[in-house]
2 protein chains.
Amino acid sequence: MDISTVTEKVLRKFESRMAMGADDRAQIAALPFKVRTIDASTYMLREGQRPTRCAFILEGLAYRQKLTPNGEREIVSILMPGEFVDLQNLFLDESDHDIQALTRLTLAEVPIAALRLFIEACPAAGQALWIDALVESSIHREWLLNVGRRNARSRLAHLLCEFSVRFQKSTLADAMAYELPMTQEQLGDALGLTPVHVNRVLKSLETDGLIARKKRQVSVIDWPRLRDAAEFNERYLHLGQIRR
Amino acid sequence: MDISTVTEKVLRKFESRMAMGADDRAQIAALPFKVRTIDASTYMLREGQRPTRCAFILEGLAYRQKLTPNGEREIVSILMPGEFVDLQNLFLDESDHDIQALTRLTLAEVPIAALRLFIEACPAAGQALWIDALVESSIHREWLLNVGRRNARSRLAHLLCEFSVRFQKSTLADAMAYELPMTQEQLGDALGLTPVHVNRVLKSLETDGLIARKKRQVSVIDWPRLRDAAEFNERYLHLGQIRR
DNA sequence: CGTGTATTTGATAAGAGTCAACTCCCGTGG
DNA sequence: CCACGGGAGTTGACTCTTATCAAATACACG
């Protein structure tokens, strides 16, 4: 991917959160991004590591996961194009989780030190990253509510609603039909369910006419009912949090 | 509480994360904190509100909760003395959750605008707050793993371990014996369990000799076994993240 | 001392997990 | 071109953890 395209995408990301001045834009263009492509399921970072670079997703999806000592996994975040993957590591030394490519992934990487200098020199950009980090924290909280207090059907419906909204925002897909990028096992790991049960619930959502499926293609048939089943309210995504 | 004591406590908080220069200290002292005391279970903030002040906890405990439309609750964070409660609202307009006092609480409140100016003028302090926000995010992720993938016994043991470590850090208590500030119903809401089941698991931890209880006083009898039952590893608390 | 909240206990039910087998799909190589 | 292999998805039978319902007890506070 062309470096000017990269700058363009990064800039658009910042602009979506905060108005950027001409000087800010010049500084973004000067950031030493390196583009890299990695295959699905490649580890970008492992728990305990101390990364020196920070990645911005240009194309594809990634996820954060945590493992228990006996190998059980919880997927705690899905990361989409236009998101910085490593904001943690901007200020924390040691990673507390793994980050793995969900699909084939194109990244723009920048040294953490450079990014740190950049946000000091450019407060508006720093604020944009703050917002990003805070929104991810908000999503964590919604997921906690989801896993802790909703039954399997609501949980899965909720994840489908979230995908719909976030994919649309990333312009990855029409809101009402998208390619689910995860296996049912991965869905289970994101929801605290077994893959077998994910399968049954998915089928039940389909037979009840809330969604249709063809392979991993998901189409929302009845958004109001899906949203109600999920108790989905997009407030936690803070989508209005733009250019304050 | 004396205003100089307040400044002292806030300063100590920042110093624990980053070295503060003389100028930084003067700026902290100049922040217009207002001390306020509120009763247990008072709401400090409700979902959807747009707060104008940010609170620092001087004494007591608070928690964040989210509610489902039909009234089920998930407690998503426990907040301890020395923590800023409203970092979200530094950069997000609308609160995505409620914040409620767990015990009687003494707060130092400062206008969000003042805090925002302060961190722009004082990058080290801004960085300290970044670290705080990122650590809370990390705790959210560990809780997701806890609720999503561990059984009731491990979950509860994990929360007890976390309390032990965090209380000790706040010097609220000896690490191995502390007053649990929550009802069993609240414990259940933090763990995605019913109060009845919390009660049974608590009793089983006691009869197995991992803990002892007298009213809400919890004493860790066998830390190694409790830690193992919890699969507790304090990495996610980023306690070493001090004065980089 | 009575009243309300928190805790404890028992009996039963239900949602989700486990185990195991089978099918489908897709890419690979003979 | 087709057989093969492996991963993902599907299905059924059964189990188990945790929820639910209900009642009793303990405890704090006025």
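Looking only at the stretch B:12-39, count every residue that is open to solvent by 50 Å² or more (accessible area, probe 1.4 Å) and aliphatic (A, V, I, L, M) and tell me the total.
Summing the residues that are open to solvent by 50 Å² or more (accessible area, probe 1.4 Å) and aliphatic (A, V, I, L, M) in the stretch B:12-39 gives 6.
Answer yes or no as to whether B:ALA175 is within 16 Å of DNA strand D (Cβ to nearest atom), over 30 Å from B:ALA22 (Cα atoms), open to solvent by less than 20 Å² (accessible area, probe 1.4 Å) and in contact with a helix residue (DSSP H, G or I) (Cβ under 8 Å, 6 or more places away or on another chain).
In short, no.
Could you figure out which of (1) modelled with pLDDT of 95 or more; (2) within 27 Å of B:LYS9 (Cα to Cα) isn't true of B:PRO51?
(1)
For residues that are open to solvent by 70 Å² or more (accessible area, probe 1.4 Å) and within 14 Å of chain B (Cβ to nearest Cβ), tally how many sit in the stretch A:223-234.
Total satisfying the criteria: 4.
Just to be sure before I move on: is A:GLU74 acidic (Asp, Glu), assigned to a strand (DSSP E or B), within 25 Å of A:ASN146 (Cβ to Cβ) and within 14 Å of chain B (Cβ to nearest Cβ) in the structure I sent?
Taking the combined requirement at face value, the residue satisfies it.
Every residue in the stretch B:219-233 that is in contact with a Leu (Cβ under 9 Å, 6 or more places away or on another chain) and either part of a helix (DSSP H, G or I) or within 11 Å of DNA strand C (Cβ to nearest atom) (or both), please.
B:TRP223, B:ARG225, B:LEU226, B:ALA229, B:ALA230, listed by residue number.
Scan the stretch A:53-71 residue by residue and report those that are within 12 Å of chain B (Cβ to nearest Cβ), more than 13 Å from A:ALA101 (Cα to Cα) and not charged (D, E, K, R).
A:LEU67, A:THR68, A:PRO69, A:ASN70, A:GLY71
Hey, A:GLU185 hits all of (1) open to solvent by 30 Å² or more (accessible area, probe 1.4 Å); (2) within 13 Å of chain B (Cβ to nearest Cβ); (3) assigned to a helix (DSSP H, G or I) but one; which does it fall short on?
Exception for A:GLU185: condition (2).
Need at least 1 residues that are among the basic types (Lys, Arg) and in contact with a helix residue (DSSP H, G or I) (Cβ under 8 Å, 6 or more places away or on another chain) per element, so show me which strands (runs of 3 or more DSSP E) inside the stretch A:1-66 make the cut, counting only ones lying wholly within it.
A:53-59
Restricting attention to the stretch A:58-73, which residues are more than 19 Å from A:LEU45 (Cβ to Cβ) and charged (D, E, K, R)?
A:GLU72
Among the residues of the stretch A:103-113, are any within 13 Å of chain B (Cβ to nearest Cβ) and either open to solvent by 20 Å² or more (accessible area, probe 1.4 Å) or closer than 18 Å to A:ARG12 by Cα (or both)?
yes
So in the stretch B:192-209, with the set limited to residues that are farther than 23 Å from B:PRO181 by Cβ and part of a loop (DSSP other than H, G, I, E, B), which one is nearest to the other protein chains (Cβ to nearest Cβ)?
B:ASP208
Let's see how each residue does on (1) open to solvent by 20 Å² or more (accessible area, probe 1.4 Å); (2) at the interface with chain A (Cβ under 9 Å from one of its Cβ atoms); (3) away from DNA strand C (no atom under 16 Å from the Cβ); (4) closer than 17 Å to A:ILE139 by Cβ:
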{"site": "B:LEU117", "(1), (2), (3), (4)": "yes, no, yes, no"}
{"site": "B:ALA125", "(1), (2), (3), (4)": "no, no, yes, no"}
{"site": "B:GLU136", "(1), (2), (3), (4)": "yes, yes, yes, yes"}
{"site": "B:ARG141", "(1), (2), (3), (4)": "no, yes, yes, yes"}
{"site": "B:VAL147", "(1), (2), (3), (4)": "no, yes, no, yes"}
{"site": "B:ASN151", "(1), (2), (3), (4)": "yes, no, no, no"}
{"site": "B:ARG155", "(1), (2), (3), (4)": "yes, no, no, no"}
{"site": "B:LEU160", "(1), (2), (3), (4)": "no, no, no, no"}
{"site": "B:SER164", "(1), (2), (3), (4)": "no, no, yes, no"}
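Within the stretch A:198-242, which residues are hydroxyl-bearing (Ser, Thr, Tyr) and out of contact with any helix residue (DSSP H, G or I) (no Cβ under 6 Å at 6 or more places or on another chain)?
Those that are hydroxyl-bearing (Ser, Thr, Tyr) and out of contact with any helix residue (DSSP H, G or I) (no Cβ under 6 Å at 6 or more places or on another chain): A:SER204, A:THR207, A:SER219.
In the stretch A:210-222, is there at least one residue being under 25 Å from B:LYS66 (Cβ atoms), away from DNA strand D (no atom under 14 Å from the Cβ), open to solvent by less than 20 Å² (accessible area, probe 1.4 Å) and more than 14 Å from chain B (Cβ to nearest Cβ)?
Yes, there is a match, as at least one residue in the stretch A:210-222 is under 25 Å from B:LYS66 (Cβ atoms), away from DNA strand D (no atom under 14 Å from the Cβ), open to solvent by less than 20 Å² (accessible area, probe 1.4 Å) and more than 14 Å from chain B (Cβ to nearest Cβ).
The values are calculated or read from the model by the stated rules, or taken from the named source; none is laboratory data. In this text, all values refer to a predicted model and were calculated from it rather than measured experimentally. FYI the Cβ positions are ideal-geometry reconstructions off the backbone, even for glycines, and counts take in every protein chain you see. Just so you know, the surface numbers come from the protein's heavy atoms only, side chains and all, with ligands and any DNA or RNA stripped out. Shrake-Rupley method; radii C 1.70, N 1.55, O 1.52, S 1.80 Å.
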